[in-house]
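The values are calculated or read from the model by the stated rules, or taken from the named source; none is laboratory data. What you see is a predicted model, and the numbers here were worked out from it, not measured in a lab. Neighbour counts are summed over all protein chains in view; Cβ atoms, including those assigned to glycine, are modelled from backbone coordinates with ideal geometry.
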Amino acid sequence: MGLDITLVRFENFEETLQKENEHRQYADKLWDEVDYDSLTDDQKNEIYNKTKKFATDLGLDEWGSDKTNKITIEETHPNYSGHYFKIGYFRSSYNESGINNILRNLGIPDLYYIFNRNKDDDNYFQPNWEDSLSRCIEVIDLFVKTKPYRVHHFSENIFSPSTITNEKEALDVFLGEEQKNERSNYGNINGDFFFEEPLKVLGIIPGLKELIGKRPCVYVITESDNTWYLYALQIVKDTIQFVIDKEDTEKYYLSWCG
C-alpha cells in the first residue's frame, strides 16, 4: 500500500473523463442490481458483455479506459536505469522507508509540497509545473545537505503482548529467528529482524507513539544512505522538466492515487 503518482497526457481531458465516468456509472449500476455471489458464470458473462459493448460504443477499451486519447507516461531514466522511479512514475510506500516519510522525518518538504497537492484535490490534477520545478530544486538542495539518518520506532504488539522478561529470553527469540536462515529484513509476532541489512544504530530513545492512544515505544536512530532517495528526487525533477519542455504542456496531468 502506498501513494502512486503517474504522469498522464490527455488529448481532451474533459471528454475522456466524461466517457470513462459514464461507463463506470453504467457498469456499477448493473453490478449493484445483482448479488454477484449468486450469479452463474453465464449470467456474469452476460453483464460483462453489456458493459463491454457500452464501452466500445463510447470508444473505450473493454474495461472502460480511453486508451486512444489518454496516454500514461512511464519511461526509464537514462541515468538511473535500474531505479523504481521512472520519468512519469513515482511512489511512496506508507511504511517508514517511503520517500515522503524519509523526507518528513528529516524535516524536509515531501512530494505533496513539491506539487502543491491538497489532500482534497481530484485524482487527476495539473500542478503549476514551473513552481513545482522550483520546489523540487529546493527540496533537493535541502536533502543533499542533510545527514542520512533514519528513525525507526519499536513498540509492543498490542494484540499479542510480549512475555519476554529478561535478556536471555530475548536472545533465545533472536536465535530462533536466526536459525530460519532467512537472509532478509522482516518483522513478525516476535519482533523486527535485520539479517539482510543490519542497522547501524546511533541512538536509542524511549518515547511514546500514537497507536490507539499513546503507548510506550523506543525510537532508534540509525545511519543509512541517501543515494537512492536523491536519485528519486532527480527523477521527479526531470519528469517536471520533461513536461515543461513539451509544446502541449497543458495536456499533461498527474494521477494521484493513495
Within region 36-90, restricting attention to residues that are under 22 Å from residue 258 (Cβ atoms) and among the small types (Gly, Ala, Ser), which residue is modelled with the highest pLDDT?
88
Among the residues of region 199-229, the number that are assigned to a strand (DSSP E or B) and either among the hydroxyl-bearing types (Ser, Thr, Tyr) or touching a Leu at 6+ places or on another chain (Cβ under 8 Å) (or both) is 9
Taking residue 208, is it in contact with a strand residue (DSSP E or B) (Cβ under 6 Å, 6 or more places away or on another chain), exposed (fewer than 14 other Cβ atoms within 10 Å of the Cβ) and under 13 Å from residue 154 (Cα atoms)?
yes
